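So the structure is just underneath, and the comments pick up after that.
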Amino acid sequence: MIPILFFFFAAVAIASGIMMIVHRNPIYCALFLILTLFAVAGLYVLLNAPFIAAVHIIVYAGAIMVLFLFVIMLLDLKSETSRQRPGGLPRILSIIMSGVLLAELVLFLRSGTANLPLVEGDLIIGSTKEIGNLLFTEYLFPFEITSVLLLSSIIGSVILARLKLK
């Protein structure tokens, strides 16, 4: 049953990710992104990491996507229907970066690191205890920087909203 669920969640994530990129309406793009995030959370559950899946849904599909939708509504992006395709340097850079990403994916799959064990000593990789230990010891500084970044983005959103109302 796990391989069937894996292919289902992977197909949903890929299809909704593609729809998010090609759709012209920013509201629908945000909704497809939420569907992609839920599919990725399903993959986390299959990897025996339910805590990461729950946090993924709460933080990204919940809080961050509400902020995205708030900004989309604030900026009134639905009026912009004509998009120009990038040409010249942006197109060349996107092709190069796509090739680099594809090469990294091939190297990752060839290295065999995708088959790492899920248990390391007494800790299960992805467990709440391990995540808490790492988050508040080894990754405390990036965690605090992220919180300051999120706080500054919230303050910026409030300032933009107040300027728009005046």
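No value in this document is a laboratory result; all are computed from the given coordinates. Just so you know, these numbers come straight off a predicted model, no measurement behind them. Virtual Cβ from ideal backbone geometry, glycine too; neighbours counted across all protein chains shown.
When Leu69, Leu74 are sorted by how many other C-beta atoms sit within 10 angstrom of their C-beta, beginning with the fewest, the order is Leu74, Leu69. Overall, the anisotropy analysis places region 1-83 in the oblate class: the square-rooted eigenvalues a ≥ b ≥ c of its C-alpha gyration tensor yield a/c not less than 1.5, with a/b not exceeding b/c.
Going from the residue with the fewest nearby Cβ atoms within 10 Å to the one with the most, Thr146, Thr36, Thr137 rank Thr137, Thr146, Thr36.
As a rough footprinting exposure proxy, the listed residues Leu37, Leu101, Leu134 were ranked by other beta carbons within 10 Å of their own, and the order from fewest upward is Leu101, Leu134, Leu37.
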